[in-house]
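Shown next, in structure tokens, is the structure this report addresses.
The values are calculated or read from the model by the stated rules, or taken from the named source; none is laboratory data. Predicted model, so just to flag it, every value in this text is computed and none were measured. Reconstructed Cβ throughout: ideal geometry from the backbone, glycine too, with neighbour counts over all protein chains shown. Just the protein is used for accessible areas: all its heavy atoms, side chains included, with ligands, DNA and RNA removed. Shrake-Rupley method; radii C 1.70, N 1.55, O 1.52, S 1.80 Å.
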Amino acid sequence: MSFAKIVFTPCSYVGWGALEQLVPEVTKYDLQKILVITDPMLEKLGIVHKITNPLKEAGYTVTIYSNVVPEPPLEIGEKLVSYTRQEQFEMVIGVGGGSALDLAKLAAVLATNEGKVADYLNLTGEKTLVNKGLPKILIPTTSGTGSEVTNIAVLSLETTKDVVTHDFLLADVAIVDPQLTVSVPPRITAATGVDALTHAIEAYLSLNASPTTDGLALQAIQLISRSLRTTVQDGNNQQARIDMSIGSYIAGLAFFNAGVAGVHALAYPLGGQYHLSHGESNAVLLPYVMGYIRHSCSRRLVDIYKCLSGNIDYLSEEEASYKCVEALAQLVEDVGIPSTLAEFQIPETAVESLTQAGVQQKRLLARSPYPLLEEDIRNIYHSAFSGVISEPKMI
């Protein structure tokens, strides 16, 4: 493409101690009543009180809403939007992983727009957002989704996932403080970390990539790949947590502007049909999708391999691209994520329903460097069951 549109969240604070900027940012608005959306575990652990207590001390009226579940279904979003409208909140703060942040976006924006969340879904909705909504501040407590800097909110449907997407969903302020991620357990650290890595990789391979997103994506790959194993093994390692938070943040900037593709398109049905977490869905599919499309983007896979600390001395482009796919599979294994769909207790008879749901994700598939048609998607799912990376038959 000859030019690229680049959009960033208006204001971000990133780094150890960034949370100190929360109250100063809130005071810029003339408001009193704040809704904080989080998940029940963060409330139980007391992490959310690091956000709410300073606000209460500053004189604000704060309500915590913790009816948040992983991979939230559409009904959860509808209930939250109704509650936000009914209680007439003046600001929304999202605290947590991607589910809490996505729901916070929906609550803030839909609070001042007519209709239901379903009316604005990408695949089936017929309405367009007309009002910006309430001010919103997004504070991630995991290093993975990048939701704090994107204009997308993902919801689970019966057989797949769908999104509401509009620039009104962008945060007014994003606060990325690695301190909030220290207590995240290893399994979630691993899943969200590979999710962030997948964002960066798919952004770099996207047909919508640009020099700006390329720089962000490669830096994110380098930061995440050098720190993810350490963070999973030792969650208290401060530098590794900082690397993961920054890597996730800039991966979010990269994929928001360049988009993701095949891995995410095939991951959505796993979450919708089998409630597999988004991070694990991406992780288990990543090597198989990369292996399948390898021949269409081998030069860029060599660049990724370099960021993974791969040595390309004496290797041809073909050999190095193979090594990249192998390195990604090894990383997923090293952080303890199962390498096949069978290990997640998903039956191979599900291939057809997964395939039919996957082909519907045209928004994502359109960015793939190799066109993934129905038979290609079916082949990739079969590979993810067998554990054998395959490639398309070349005619």
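Structure above, values below:
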item: Qualifying residue in the stretch 256-276 (condition: assigned to a helix (DSSP H, G or I), under 17 Å from residue 218 (Cα atoms) and more than 13 Å from the chain's Cα centre (by Cα)); result: yes
item: Selection count where residues are surrounded by fewer than 23 Cβ atoms within 10 Å (Cβ to Cβ), more than 18 Å from residue 23 (Cα to Cα) and of a type in the set (A, V, I, L, M, F, W, C), scope the stretch 169-183; result: 2
item: Residue tally, condition open to solvent by 70 Å² or more (accessible area, probe 1.4 Å) and touching a residue at least 60 places away in the same chain (Cβ under 8 Å), over the stretch 15-27; result: 1
item: Residues located in the stretch 42-68, provided they are open to solvent by 40 Å² or more (accessible area, probe 1.4 Å) and either in a helix (DSSP H, G or I) or modelled with pLDDT under 90 (or both); result: 43, 44, 45, 49, 50, 53, 54, 56, 57
item: Enumeration of residues in the stretch 3-21 that are closer than 10 Å to residue 253 by Cβ and not β-branched (Val, Ile, Thr); result: 8, 12
item: The stretch 31-41: number of residues that are modelled with pLDDT of 95 or more and open to solvent by 10 Å² or more (accessible area, probe 1.4 Å); result: 3
item: Boolean, residue 4 is open to solvent by 20 Å² or more (accessible area, probe 1.4 Å), free of Cβ contacts under 8 Å to residues at least 40 places away in the same chain and farther than 20 Å from residue 245 by Cβ; result: no
item: Those residues of the stretch 28-75 which are touching a residue at least 40 places away in the same chain (Cβ under 8 Å) and among the hydrophobic types (A, V, I, L, M, F, W, C), in sequence order; result: 31, 34, 35, 36, 37, 42, 45, 47, 48, 51, 74
item: Elements of type strands (runs of 3 or more DSSP E) in the stretch 70-189, at least 2 residues being more than 17 Å from residue 256 (Cα to Cα) and touching a helix residue (DSSP H, G or I) at 6+ places or on another chain (Cβ under 7 Å); result: 91-96, 136-140, 152-156
item: Qualifying residue in the stretch 140-147 (condition: buried (at least 20 other Cβ atoms within 10 Å of the Cβ) and within 14 Å of residue 74 (Cα to Cα)); result: no
item: Positions within the stretch 69-127 being of a type in the set (Gly, Ala, Ser) and open to solvent by 20 Å² or more (accessible area, probe 1.4 Å), in sequence order; result: 82, 99, 111, 115, 118, 125
item: Test for residue 242: is it assigned to a helix (DSSP H, G or I), crowded, with 24+ Cβ neighbours inside 10 Å and of a type in the set (Val, Ile, Thr); result: no
item: Pairs, first on the phi < 0 side of the Ramachandran plot and of a type in the set (Lys, Arg) in the stretch 313-335, second at pLDDT 95 or above and in a helix (DSSP H, G or I), C-beta under 8 Å, six or more apart; result: 323/305
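Here's the yes/no breakdown for (1) over 21 Å from residue 280 (Cβ atoms); (2) among the acidic types (Asp, Glu); (3) at pLDDT 95 or above:
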| site | (1), (2), (3) |
| --- | --- |
| 319 | yes, yes, yes |
| 329 | no, no, yes |
| 340 | no, no, yes |
| 359 | yes, no, yes |
| 367 | yes, no, yes |
